[in-house]
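First the structure, in the form of structure tokens, and then the observations on it.
The values are calculated or read from the model by the stated rules, or taken from the named source; none is laboratory data. Not measured: the values here are computed from a predicted model. Note: ideal-geometry Cβ built from the backbone for every residue, glycine included; neighbour counts use all protein chains shown.
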Amino acid sequence: MQNAAFFLRYKLHHFFFWMLILGIWYFLRVDDYPTQQLAFEVTLIKVVDLALLIYITSFFLVPRLLYKKKYLLFALIFITMVFASSIFKMNILGQMQNNRGLINWSVDFKARLYDNILPHFFLVIAGVAVKLAFDYGHLQQRMAQIAKEKAETELNFLKSQINPHFVFNTLNAIYFLINKDNAEARGALHTFSDMLRYQLYEMNDEQIPIEKEIRYLKDFITLQQLRKDGRYDVQFTSTPAVRGFRIEPLLLIPFVENAFKHISHHTLRQNSVHTTMDMQGDQFIFYVENTRDAGSVKEGAGGIGLANVKRRLELLYPGKYVLDIKEGDGSFSITLKMKVHEH
């Protein structure tokens with residue numbers, strides 16, 4: 001039923017368009033004929049002929065030949081069809097107006113070609129050009145929709161990779177508390193429950209306030225600190241300017257997680273993970289640095305964490321971010337700069 005209604009609207013849309021063309025054409029040329037009836041009949045034949053050629057070309061020749069790159073066959077059929085239609089139309093109009101000049105091509109072939117056939121070609125081409133323009137617009141919309149759906153699918157897949165990664169790491173951190181003071185264990189479990197609540201209930205939107213992301217980072221770092229002793233210096237600093245904008249959920253945590261995953265284990269000197277967040281104008285600056293063991297290999301492009309977040313940045317903030325990764329013998333750092341908009 002809906003398809004029938006759509007088809008009916010589609011037909012009426014074209015019908016009213018051609019009625020408008022008929023009315024305008026008749027109004028402009030009515031004075032060129034001895035009677036209004038003859039003017040209407042001639043105009044009607046021309047409009048019907050033009051409409052038939054445009055529809056045949058647009059809905060048959062273009063999709064079956066032009067779009068399939070059969071250019072020579074398309075051109076041959078198109079030229080033959082328009083030329084034959086022009087001759088047939090001129091014969092009918094010549095008989096109706098008793099004008100032998102339209103029928104007898106030997107009288108003035110150039111005049112017939114210039115006055116009748118060439119305008120016919122250009123009118124049909126103009127009509128088909130409209131169809132091509134609409135097809136191109138629909139194609140662009142479709143490509144944009146496909147790109148959007150692909151990006152959303154990739155993002156959902158990337159998020160599904162990240163979430164279990166965090167959960168397992170956090171469970172591993174809590175594991176070390178089993179034989180410690182119960183109050184400390186309760187605090188860790190409370191922090192962990194806040195993290196789960198954030199993942200399950202607060203990060204369902206496409207973007208969330210930066211304040212929530214900061215709180216999540218703090219909880220994560222708190223749990224990681226429980227695994228470290230006095231040889232580990234863990235610092236987190238967020239300036240008061242970092243507020244009032246939204247960010248993609250879990251965009252920053254892979255950098256911090258990567259720092260703890262690859263932190264050094266020196267016994268004679270301090271090991272550290274330093275995280276800072278700041279704003280410079282409309283630019284958000286996120287910095288993470290950690291010490292690492294000399295000669296250790298960092299997580300490459302194929303790993304889940306950094307490769308994942310790089311891909312997300314490309315999808316979500318194209319041309320709006322700079323990610324600087326520095327690797328040294330005893331340290332590793334990332335600096336992320338993003339343009340954000342305050343809300």
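Things worth noting here:
- Exclusive hit being within 25 Å of GLU202 (Cβ to Cβ) and either in contact with a Lys or Arg (Cβ under 9 Å, 6 or more places away or on another chain) or at pLDDT 85 or above (or both), set GLU289, GLU257, GLU299: GLU257
- Residue in the range 260-272 that is among the charged types (D, E, K, R) and modelled with pLDDT of 90 or more present: no
- Whichever residue in the range 124-160 is in contact with a helix residue (DSSP H, G or I) (Cβ under 7 Å, 6 or more places away or on another chain) and under 14 Å from ARG312 (Cβ atoms) and, among such residues, is modelled with the highest pLDDT: ALA151
A quick yes/no check of all residues on (1) of a type in the set (Val, Ile, Thr); (2) surrounded by 18 or more Cβ atoms within 10 Å (Cβ to Cβ); (3) at pLDDT below 85; (4) under 23 Å from GLY23 (Cα atoms):
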{"position": "LEU38", "(1), (2), (3), (4)": "no, no, yes, yes"}
{"position": "ILE45", "(1), (2), (3), (4)": "yes, no, no, yes"}
{"position": "VAL48", "(1), (2), (3), (4)": "yes, no, no, yes"}
{"position": "ILE54", "(1), (2), (3), (4)": "yes, yes, no, yes"}
{"position": "THR57", "(1), (2), (3), (4)": "yes, yes, no, no"}
{"position": "VAL62", "(1), (2), (3), (4)": "yes, yes, no, no"}
{"position": "LYS69", "(1), (2), (3), (4)": "no, no, no, no"}
{"position": "LEU73", "(1), (2), (3), (4)": "no, no, no, no"}
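- Residue among ILE214, ILE210, ILE178 that alone is touching a Ser or Thr at 6+ places or on another chain (Cβ under 7 Å) and either modelled with pLDDT under 85 or in the same structural domain as LEU316 (by TED's automatic domain parsing) (or both): ILE214
- Residues satisfying the stated conditions in the range 328-341, i.e. surrounded by 12 or more Cβ atoms within 10 Å (Cβ to Cβ) and more than 22 Å from the chain's Cα centre (by Cα): GLY330, SER331, PHE332, SER333, ILE334, THR335, LEU336, LYS337
- The listed residue being in the same structural domain as VAL309 (by TED's automatic domain parsing) and part of a helix (DSSP H, G or I), out of ASP233, ASP205, ASP219: ASP219
- Among all positions in the range 11-28, there is at least one residue which is modelled with pLDDT under 80 and hydrophobic (A, V, I, L, M, F, W, C).
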